[in-house]
Amino acid sequence: MATEDVDPRFADLDAWSLASAMEAMWEGQLAAVAAIGRALPAITAATNSAKDALGDHGRLIYVGAGTSGRVAVQDGAELMPTFAWPKERVCFIIAGRESAFVTSIEGAEDDTDDAVNQITQARLSPRDVVIAVSASGTTPFTVAALQQAGASGAVTIGIANNPGAALLTSAKCPVLIETGRELIAGSTRMKAGTAQKVVLNLISSGIMLRLGRVYRGMMVNMQATNAKLKRRAEAMVAQIARCNQEQAACALDQADGDIKIAVLLVLGYDKTETETILARCEGNLRRVFAELSNDRSE
């Protein structure tokens, strides 16, 4: 496997000047990101499949071990504050369980029984989307979890950095990112890990785009849980509704912090009307404005 092989170019990396080593590692990061370009069609297909499956009740389930598991947890944990994705609709199935979030649990990645048990306990349905990440693509825990998830009918996305790996052949939506040899052989927290994080960013953000949780580049489902985010929410409402900051703040108070409802309140709709309109348009502000524009033109 390329991710485990020593790259002859960097066999004496430890003897180089630190400046040269830093430059080489930086170039490796750039190469890792560049490798994603070839996978964009597969990433797009996986994102579309995930969006179609999720609907109003499906869950995003992240699966991984070691570095890949921690990268997956980082992506999933950000969905709640960024897009107000419900906590109950995110699940983490990680080798070694929660203890592995911050420490290495020896042998956990080989525990296929625990992988199957965790998937079984999650009670998956065809509405659920399982995103499994493994640099080698052969991690026993991750492969077993994804295969069990596929048997339950869930949409399975496999992300790996080696071609022909079991994780890819077992996934409904395989995503191969060929990052090649690491500068430090086997240290997949470097190139492979960087590429995995970018791919997860693309998939999860793409899902949220398609589900209407972004409008004109703004996180309109964001939860204003601190002073900074409250100011950001007010700025969004002011920009979308074309009102001043005070009007935006007042509307947000009336809307209990819901940015979309606040926008429609500023535009003159009452709270009951706004909730009805948003429900009819599945919370998609672009669809809301298109519908309101059509109503005015008729």
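The values are calculated or read from the model by the stated rules, or taken from the named source; none is laboratory data. On a predicted model such as this, the values are computed, not experimentally measured, just so you know. Don't worry about glycine lacking a Cβ; one is built from the backbone with ideal geometry, like all the others, and counts go over all protein chains shown. We work out accessible area using only protein heavy atoms, side chains counted, and drop any ligands, DNA or RNA first. Shrake-Rupley method; radii C 1.70, N 1.55, O 1.52, S 1.80 Å.
I'm told Ala46 meets every condition in (1) farther than 20 Å from Leu124 by Cα; (2) surrounded by 15 or more Cβ atoms within 10 Å (Cβ to Cβ) except one. Can you identify the failing condition by its number?
Unmet condition: (1).
Got a number for residues in segment 25-35 being in contact (Cβ under 8 Å) with a residue 40 or more places away in the chain, open to solvent by 10 Å² or more (accessible area, probe 1.4 Å) and hydrophobic (A, V, I, L, M, F, W, C)?
Final tally of qualifying residues: 3.
Within segment 102-126, track down each residue that is open to solvent by 50 Å² or more (accessible area, probe 1.4 Å) and of a type outside the set (Asp, Glu).
Answer for segment 102-126, where residues must be open to solvent by 50 Å² or more (accessible area, probe 1.4 Å) and of a type outside the set (Asp, Glu): Val102, Thr103, Ser104, Ile105, Thr112, Asn117, Thr120, Gln121, Arg123, Pro126.
Quick check on this structure: which one of Arg189, Arg213 is of a type in the set (Lys, Arg), under 30 Å from Ser134 (Cα atoms) and open to solvent by 70 Å² or more (accessible area, probe 1.4 Å)?
Unique residue meeting the criteria: Arg189.
Looking only at segment 157-186, filter to residues that are of a type in the set (Gly, Ala, Ser) and buried (at least 24 other Cβ atoms within 10 Å of the Cβ); which one of those is nearest to the chain's Cα centre (by Cα)?
Filtering first and then ranking leaves Gly158.
Tell me, which helices (runs of 4 or more DSSP H) lie completely within segment 227-298 with 3 or more residues that are out of contact with any Cys (no Cβ under 8 Å at 6 or more places or on another chain) and open to solvent by 30 Å² or more (accessible area, probe 1.4 Å)?
The helices (runs of 4 or more DSSP H) meeting that bar are 227-241, 245-254, 271-280, 285-297.
Among the candidates Ser20, Ser68, which residue alone is of a type in the set (S, T, N, Q), more than 19 Å from Ser136 (Cα to Cα) and open to solvent by less than 70 Å² (accessible area, probe 1.4 Å)?
Ser20
Find all pairs meeting these conditions: Cβ atoms under 8 angstrom apart; at least six residues apart or on different chains; first residue within segment 212-224 and in contact (Cβ under 8 Å) with a residue 12 or more places away in the chain; second residue open to solvent by 50 Å² or more (accessible area, probe 1.4 Å) and in a loop (DSSP other than H, G, I, E, B).
Cβ pairs passing all conditions: Gly212/Glu282; Arg213/Met219.
(1) open to solvent by 10 Å² or more (accessible area, probe 1.4 Å); (2) in a loop (DSSP other than H, G, I, E, B): which one isn't true of Gly137, the others all being true?
Answer for Gly137: the failing condition is (1).
Take Ser99 and tell me if it is surrounded by fewer than 24 Cβ atoms within 10 Å (Cβ to Cβ), within 24 Å of Val198 (Cα to Cα) and hydroxyl-bearing (Ser, Thr, Tyr).
Here the answer is no, as Ser99 does not meet what is asked.
Just to be sure, is Gly206 part of a helix (DSSP H, G or I), small (Gly, Ala, Ser) and under 17 Å from Asp52 (Cα atoms)?
yes
Okay, residues lined up against (1) part of a loop (DSSP other than H, G, I, E, B); (2) over 12 Å from Leu202 (Cβ atoms); (3) touching a His at 6+ places or on another chain (Cβ under 7 Å); (4) not polar (S, T, N, Q):
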position	(1), (2), (3), (4)
Gly37	no, no, no, yes
Ala42	no, no, no, yes
Ser49	no, yes, no, no
Gly69	no, yes, no, yes
Pro81	no, yes, no, yes
Trp85	yes, yes, no, yes
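Return the residues of segment 138-163 that are free of Cβ contacts under 8 Å to residues at least 60 places away in the same chain and not hydrophobic (A, V, I, L, M, F, W, C); say none if nothing qualifies.
Pro140, Gln147, Gln148, Gly150, Ser152, Gly153, Thr156, Gly158, Pro163
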